[in-house]
Amino acid sequence: LNRINNALSEREIVRSRPLYLDAQATTPTDPRVLDAMIPYSLNLYGNPHSRTHKYGWESETAVETARERIASLIGADAREIIFTSGATEANNLAIKGVAHYNKSTKNHIITTQTEHKCVLDSCRRMELEGFKVTYLPVQKSGLISLESLEKAINDKTVLVSVMTVNNEIGVIQPIEEIGRICRQKEVYFHSDAAQAIGKIPIDVDKLNVDLMSISGHKIYGPKGVGALFIRRRPRVRLEPQMSGGGQEKGFRSGTVPVPLVVGLGTACMICQEEMQFDIEHVTRLSNRLCSKLREALPACTSSSLEPSYVLRAIGTGADVAHSSIRFGIGRFTTEAEVDYTAERCIAESSLGNAPRRNRYKNCRMGKTLKG
């Protein structure tokens, strides 16, 4: 708490190196997570699938403890958690796995135009394999129309995939209502929750979700690890996308990386214990940054050459889309960093009609925030 709030003593440090306000892209590993991981790379290095000696038992116990912690965060049963290399693999396994398993009877998938690229690309891949995909538009609010979703579902629909929280605009989709529609229509419902886990309360039973993707590095855990929730009752059937030793109940072959899994489990435990603190901290700094910018700037500009496809999907005009910038505030962001960011944004905007190349040279050199 002191480290996070000690803004004054950190102000000069902040000015000496580039800032990081891109928490939607990735987060730093929490020191407590790293501390939990280290023993499993040094002394407790057994293969968790070697069940004939102590080294294997130690690692297996650590893996199952991590599985329980992840399940607890989302209100699931530990037996419903499958480890993956990240949310991208989890999304691929959910979409392609369900589609392939049911391809003899159903060949229709529904998603939205504002999903993460790995979901959109997975759906495009299924189109190449003969599946039909409906890309639902979103309203200006960024939310999908429940009425449009219900109309889009037909007797060939096998899966609906809608992300919980959008990574660009932060909109929270009506997941519970979507899940209720899918349950009534007997259609599997998958949600990419990489941006939601640890930031808002999640209960997979209440949300009627059948599959949910989780990322480690978005919640102050290590990169290279994630998880997929696969509901047991009613049972979700899917085809594995990787051949091998049949680990993870046959859904995902390959030796489970114990240090990474321990890190993910610890990150989930910390998120569950400190979620309210994180919410209050991020909200306070977000309000502080927005307030300073709104007071000083009539508008903000962007160095991005292409407007976001998410902003285009919600009907944002080209001028506004080109004027967007994403700030990602996280657990370890300080008031000093927020204040400095506001100062630099205001200073950059004062360049006014300077050529674009000169206006953003400092950003490319890392001297100012790149959000």
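Points worth noting:
- Which of LEU146, ALA71, VAL33, positive extreme of dipole for the stretch 33-269 (C-beta unit charges): LEU146
- Model label sites at MET275 and SER350, defined 7 Å from Cα along the beta-carbon direction, differ in position by 4.4 nm.
- Principal axes of the stretch 73-165: Cα extent on each, largest first, Å: 35, 35, 23
- The tail of the calculated P(r) for the stretch 44-127, taken as Cα-Cα distances beyond 18 Å, holds 60 percent of the pairs.
- Here the stretch 147-197 and the stretch 92-116 have alpha carbon centers that stand 12 Å from each other.
- When the alpha-carbon atoms of the stretch 33-269 are used, the pair Rg, Dmax equals 17.7, 58 angstrom.
- Among PHE189, PHE251, the ranking by other beta carbons within 10 Å of each residue's beta carbon, starting with the fewest, stands as PHE251, PHE189.
- Amide H to amide H distances under 5 Å link VAL138 with GLN113, where only residues 5 or more positions off or on other chains count and H is placed in the peptide plane.
- Sites ASP205 and LYS151 - FRET efficiency at Förster radius 22 Å, r taken between beta-carbons, to 0.05: 0.25
- Sequence-distant residues sharing a close amide H with ASP192 (under 5 Å, placed H): VAL162, MET163, THR164, SER213
- Across LYS156/LYS206; LYS54/LYS206; LYS96/LYS185; LYS206/LYS249; LYS199/LYS292, pairs whose alpha-carbon gap is larger than 31 Å: LYS54/LYS206
- Residues VAL282, VAL162, VAL209, sorted so that the one with the fewest Cβ neighbours within 10 Å comes first: VAL282, VAL162, VAL209
- Unit charges at the beta carbon, dipole of the stretch 33-269: most positive-side option, GLY246, SER213, ASN166: GLY246
- When LYS54, LYS185 are arranged by Cβ crowding within 10 Å, least crowded first, meaning fewest neighbours, the order is LYS54, LYS185.
The numbers here are math on the coordinates, done by the rules we state, and not lab data. It should be emphasised that the depicted structure is a prediction, and the values quoted were computed from it without experimental measurement. No Cβ is skipped: glycine too gets one built from the backbone with ideal geometry, and neighbour counts run over all protein chains shown.
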